[in-house]
Amino acid sequence: MSSSHAHAAGPAEVFASPAPRRHGAILYARMKASRLRGKVLMPACGRPLLLLLVERLLRCETLDRIIIATTDTAEDDRLAETCTAAGVSVFRGSEEDVLDRTYRCALAYGLDPVIRFTADNPLIDAPIADGVIRQYLDHPDDYDYVSNNHPPTWPDGEEVEIVRFAALEAAWNEGREPFQREHCTPFIWDQPERFRVANVALDDDRLHAERWTLDYPEDYDFIRRVYEELYPSNPDFRMHDILSLLDRKPEIRQINAMHAGDVWYSRHAESLRTI
């Protein structure tokens with residue numbers, strides 16, 4: 001029997017319930033990208049975006065380890081070497097079958113639940129991520145999958161997913177569609193009658209119009225500018241700091257505004273039931 005739950009939050013809410021223990025998380029990164037090759041190692045404030053993101057994620061109270069899940073292709077050798085040199089764990093697996101890469105990484109590191117982030121989102125806010133993760137950790141017997149993106153209400157680029165390993169294994173065994181293998185979790189969240197799915201949502205969805213993800217050259221220009229404006233004086237800048245910056249300097253928001261609403265699942269609307 002499945003159930004669906006939601007938690008509504010205000011943008012400034014601090015999620016403060018204690019987590020029973022800290023966990024490892026998977027962070028997906030690769031150099032190959034059709035629109036912006038090498039984007040995850042592009043610099044901001046003199047450092048690769050990927051390592052800046054790891055720094056942000058390690059501020060999460062629920063996390064104590066980040067594992068970079070990259071591909072086993074030669075193109076990602078430099079990425080793996082960069083992470084290893086910085087003391088960050090690296091797992092290498094299939095380039096196209098991200099679901100297989102995830103499953104094998106979770107097995108190798110004994111991850112349950114499987115907490116997922118993507119390097120496309122270098123502006124993740126640690127307290128937001130903690131809030132979503134705690135929704136699962138505080139109710140470990142209630143959920144197979146928790147995220148903050150079904151339906152989306154947070155800025156595009158603040159996504160986190162938590163998956164029970166048994167649900168991930170079911171997807172790995174049964175998922176057949178290419179988009180299910182590439183995007184890893186649609187097999188789970190698109191079957192709420194089978195899996196217990198929850199969403200941590202804002203009380204309105206106006207912030208989802210904000211685009212803070214990295215896909216196009218304009219997205220890089222936007223993210224780099226945000227870091228240049230905020231990071232030197234406040235390395236732990238939060239979502240409200242970004243919003244305040246964009247209100248003060250609306251020209252920054254316009255840098256990549258032409259790509260707002262461009263998300264992968266809109267290209268598979270005919271195959272998905274719950275987007």
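For the pair His139 and Lys32 in one chain, pulling the backbone fully straight at 0.36 nm per residue adds 34.8 nm over the alpha carbon distance.
Under 5 Å between amide hydrogens, built in the peptide plane, is the criterion, and for Tyr28 it picks out Ala69, Phe117, Thr118, Ala119 among residues at least 5 positions away or on other chains.
Could you calculate the FRET efficiency of Ala260 with Glu228 from 1/(1 + (r/R0)^6), where r is the beta carbon distance between them and R0 is 25 Å, rounded to 0.05? Between Ala260 and Glu228 the formula returns 0.70. A prolate overall shape is assigned to the range 121-262, the ratio a/c of its alpha-carbon gyration tensor axes (a ≥ b ≥ c) being 1.5 or greater and a/b exceeding b/c.
Can you list the DSSP H helices in the chain whose Cα atoms extend at least 15 Å along the helix axis and whose mean Kyte-Doolittle hydropathy is 0.0 or higher?
Both cut-offs are met by 98-109, 126-137.
Around Ile66, what is the net charge, scoring Lys/Arg as +1 and Asp/Glu as -1 over all other residues with Cβ under 12 Å from its Cβ? It works out to a net charge of +3.
Dipole magnitude for the chain: about 480 debye, using +1 per Lys or Arg Cβ and -1 per Asp or Glu Cβ, origin at the Cα centre. Its convex hull of Cα atoms gives the chain a direction-averaged projected area, equal to a quarter of the hull surface, of 13.6 nm².
Read the figures in this text as sums done on the coordinates, not as results from a lab. Keep in mind that what you see is a predicted model, and the values were worked out from it rather than measured. All Cβ positions, even for glycine, are placed from backbone atoms using ideal geometry, and neighbour counts span all protein chains on display.
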